[in-house]
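Heads up: the structure comes next, in structure tokens.
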Amino acid sequence: MCIRDRDSTSYSFTYKIPDKALEISDAILRQKSKVSVGDLDGKICGQFVYAYPPGIPILSPGEIIDEDIISTMNYMANHQTKLNIYDTILILD
């Protein structure tokens with residue numbers, strides 16, 4: 001979770017590290033489909049999802065998307081943290 005400190009120039013950032021289903025190299029080579037952010041629970045991520053700031057990955061290809069990760073992404077999107085996705089994400093077929 002990303003929380004802006006009182007001075008508004010720094011952030012505290014913690015989140016659950018997703019479980020890995022596949023190595024990144026294997027996931028990148030697999031077929032992918034676009035799926036609505038609302039339908040991600042239990043799917044395997046097919047792309048990097050970054051949060052800015054601080055610019056670190058929330059998800060990497062091959063990681064399992066669960067309710068905690070979805071909650072973190074929703075929280076960030078609603079609290080001045082930009083994600084490199086809008087309303088769809090690539091998942092593995």
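Quick note: the coordinates plus some simple rules give every number you see, no bench work behind them. This is a predicted model, so every value here is computed, not measured. Here the Cβ positions follow ideal geometry from the backbone for every residue, glycine too, while neighbour counts run over all protein chains shown.
Just a few scattered comments:
- Residues in the stretch 26-41 that are among the small types (G, A, S) and touching a Pro at 6+ places or on another chain (Cβ under 7 Å): A27 only.
- As a summary of the residue check, L90 satisfies the conditions (1) within 17 Å of Y15 (Cβ to Cβ); (2) assigned to a strand (DSSP E or B); (3) of a type outside the set (G, A, S) except for the one numbered (1).
- Of all residues making up the stretch 54-93, the number that are of a type in the set (A, V, I, L, M, F, W, C) and free of Cβ contacts under 8 Å to residues at least 24 places away in the same chain: 1
- On inspection, I58 qualifies as in a strand (DSSP E or B) and hydrophobic (A, V, I, L, M, F, W, C).
- Scanning the stretch 27-49 for residues that are loosely packed, with under 15 Cβ neighbours inside 10 Å and either under 17 Å from S71 (Cβ atoms) or within 11 Å of the chain's Cα centre (by Cα) (or both) yields S36, G38, D39, D41, G42.
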